[in-house]
Amino acid sequence: MTDSAQTLPVPEAVGKLYDRLTLSAMNDGAFNPNVHIGYWDTPDSEASIEEAMDRLTDVFIDRMRVGDSSHVLDLGCGVGGPGLRVVARTGARVTGISISEEQIKTANRLAAEAGVADRAVFQHGDAMKLPFADETFDAVMALESLCHMPDRQQVLTEVCRVLVPGGRLVLTDVFERFPRKEVRHPGIDKFCNGLMSTMADVDDYVALLHRSGLRLRGIVDVTEQTTLRTGQELAKLATVEDRPAALDESNFHFPEDDFQPSDLAGVDDFGCLLVTAERP
Ligand SMILES: C[S@@+](CC[C@H](N)C(=O)[O-])C[C@H]1O[C@@H](n2cnc3c(N)ncnc32)[C@H](O)[C@@H]1O
C-alpha cells in the first residue's frame, strides 16, 4: 500500500493534534522531553524506556557525524528533547521545526532553561516547504516525523535542498513488515487514524531517496530494537499499580478514547526503519 492509498495527513491538523497532546502532557504534571519510541541495542538490555529514548537519539548522533561547528536541522522536533541532547553531546547548533505551536513554545522554554538558547532554536513551520535557504545544514535528523507528512517525496526533496553536499540525513519511519497481511492488524489502522500517520512502503524507500537527490547509506529494519520492544515495555507499565503516572512518565499516555500504545503491543508487522542518506 503506498501513501496515495492511505488517508493523507493534513499538516495543520497534525499541528493541532500535537498542540493537544503537549498541553495534556503538561497538565498531567509528569513531562518527558522525548516524543518517540525507545532503542534497545540487545534483547537482554535492561534500559528503562526513558534511557532507551535517549539511546535512540544517540544512535542518530553516531550516524549524523556532527561536531561543534555543525548546524543540524531537527525535522519534526517535538518539544526539543532530541535536539537539546544533540547540542549537549556534540556542541552542534540545532534548529528545530515543528508544525505544533505548543511544542515550539515548550522547546524554546526548555532550551532557555538549559542555558543553550543561543545553540538551540525551535520554530514553527511545515516540513513540506522548509523556510530555509539551500545548503543551510550539515545534517538533518527526523525522529518519527515523516509518518505524519502527506508526501514523503516532497519532504525528502526539501531535505536534500537544505543539506550541504556531503551532509547526512538520518530518520526513522514506520512500515509494514513482510509478509504483508491481506488485512491490516486493527492496531495499525488505529495508529494511522488516531495519530494522523501513514505507513511507508519499504520497497519504495530507496527510489524515494534517489528521486530526491539523496544517496542511500543504510537502511535497517530496527523493529525488534524499537517499536516491538517499546510495545512490550509499555504493556509491562500498564500492569503496574500507578498506571497513569507510569505511562505519563513514559510520555505515552494518550486520552482514553484515542489510540493507545497497547493497541500495537506484540504486533510485529508494525515495523520501524532506520535510514541514513547523504547529499552527494
Ligand atoms: C512523534 S513526534 C516526534 C517528535 C520528536 N522528533 C521526538 O522524537 O521527540 C512527530 C513530530 O513531527 C512533527 N510534524 C509532523 N508533521 C509535520 C510537518 N508537516 N512539518 C513539521 N513538523 C511536523 C510534529 O509536530 C511532531 O513534532
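The values are calculated or read from the model by the stated rules, or taken from the named source; none is laboratory data. As the structure is a computational prediction, the values presented were derived from the model and not from experiment. Note: ideal-geometry Cβ built from the backbone for every residue, glycine included; neighbour counts use all protein chains shown. To get the accessible areas, we keep the full protein, side chains included, count just its heavy atoms, and leave off ligands, DNA and RNA. Shrake-Rupley method; radii C 1.70, N 1.55, O 1.52, S 1.80 Å.
Brief remarks on what is shown
- Counting heavy atoms of the protein chains alone, Leu75 has an accessible area of about 0 Å² for a 1.4 Å probe.
- Taking each residue as 0.36 nm, the span from Met128 to Ala207 lengthens on full extension beyond its C-alpha to C-alpha distance by 26.6 nm.
- Largest first, the residues Arg93, Arg177 sort by 1.4 Å accessible area into Arg93, Arg177.
- Along the axis of the charge dipole computed for segment 3-278 (Cβ charges of +1 for Lys and Arg, -1 for Asp and Glu, origin at the Cα centre), the listed residues Ala133, Gln6, Leu84 are led at the positive end by Ala133.
- In the chain, helical runs assigned H by DSSP with n ≥ 4 each contribute -39500 (n - 2.57); averaged across all residues and rounded to the nearest 500, the mean residue ellipticity at 222 nm is -11500 deg cm²/dmol.
- Full-extension gain in nm, Asp258 to Leu216, via 0.36 nm per residue minus C-alpha separation: 11.5 nm
- Under the convention that each Lys and Arg Cβ holds +1 and each Asp and Glu Cβ holds -1, the size of the dipole of the chain around its Cα centre is about 900 debye.
- The fraction of all Cα pairs in the chain landing in successive 10 Å bins from 0 to the largest distance is 7, 30, 40, 20, 3, 0, given as whole percents.
- Straight-line cross-link reach from Lys105 at under 20 Å between alpha-carbon atoms covers these lysines, not counting any fewer than eight positions away in the same chain: Lys16.
- Under the combined filter of DSSP loop state and at most 13 neighbouring Cβ atoms within 10 Å, segment 22-56 retains these GluC sites (Glu not before Pro): Glu46.
- Looking at the chain, the accessible area is 44 square angstrom per residue; that uses a 1.4 Å probe and ignores ligands, DNA and RNA.
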